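Notes for the one structure printed next.
The values are calculated or read from the model by the stated rules, or taken from the named source; none is laboratory data. Since the model is a prediction, treat every value here as computed from it, not as a measurement. Backbone-built Cβ (ideal geometry, glycine too); neighbour counts: all protein chains shown.
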């Protein structure tokens, strides 16, 4: 009985460690801005899908939830924080919808099976990342008004960078799936 408890505690410790490392990776991806046209690019959406693919839907969701909790609690984990605020004030700003979309995207990316070829994988990646933009645009519209050019402000400038990230992720997916087998948490 004691051996079973030890195994369970080891598993819980491993899940917590992986989730914390995932939030660290997501924080780093939010802080590094890569010069790109028409706006600088961060690698957050890439890392969200990366976490989904490698950790699966449950631990991926835990990791993103922990990341959001860290940001709401006031840790400067989000892009443009602390420069543009921290905590709940920053979270409920213009990017809240995108951040909430991370939860759906990581879950989708973690749920899909990626064994049907490049085109099928690409469609699944685009489907997963689309929830980030759908949630983001809905929140942006509610925040600044639907009479504004919501798509032009909240999605269009990022689409070329998003395509680049999805193509990069597309070709990394076979390696990520091997990594998932090595991590083997669940």
Query raised in the report: Within segment 113-154, can you find the residues that are surrounded by 19 or more Cβ atoms within 10 Å (Cβ to Cβ), under 14 Å from residue 169 (Cα atoms) and without any contact (Cβ under 8 Å) to a residue 24 or more places away in the chain?
Result: 124
**Report entry** Failed criterion for residue 109 (all others in (1) over 14 Å from residue 53 (Cα atoms); (2) crowded, with 19+ Cβ neighbours inside 10 Å hold)
**Finding:** (1)
Query raised in the report: Is one or more of the residues making up segment 154-169 over 16 Å from residue 45 (Cβ atoms) and touching a helix residue (DSSP H, G or I) at 6+ places or on another chain (Cβ under 8 Å)?
Result: no
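When you look at residue 30, is it surrounded by 10 or more Cβ atoms within 10 Å (Cβ to Cβ) and either farther than 17 Å from residue 57 by Cα or in contact with a helix residue (DSSP H, G or I) (Cβ under 7 Å, 6 or more places away or on another chain) (or both), yes or no?
Details: surrounded by 10 or more Cβ atoms within 10 Å (Cβ to Cβ): yes; either farther than 17 Å from residue 57 by Cα or in contact with a helix residue (DSSP H, G or I) (Cβ under 7 Å, 6 or more places away or on another chain) (or both): yes.
So residue 30 passes the test.
Okay, residues lined up against (1) modelled with pLDDT of 95 or more; (2) assigned to a loop (DSSP other than H, G, I, E, B); (3) under 21 Å from residue 180 (Cβ atoms):
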residue: 9; (1), (2), (3): no, no, no
residue: 23; (1), (2), (3): yes, no, yes
residue: 27; (1), (2), (3): yes, no, no
residue: 64; (1), (2), (3): yes, no, yes
residue: 76; (1), (2), (3): no, yes, no
residue: 83; (1), (2), (3): no, yes, no
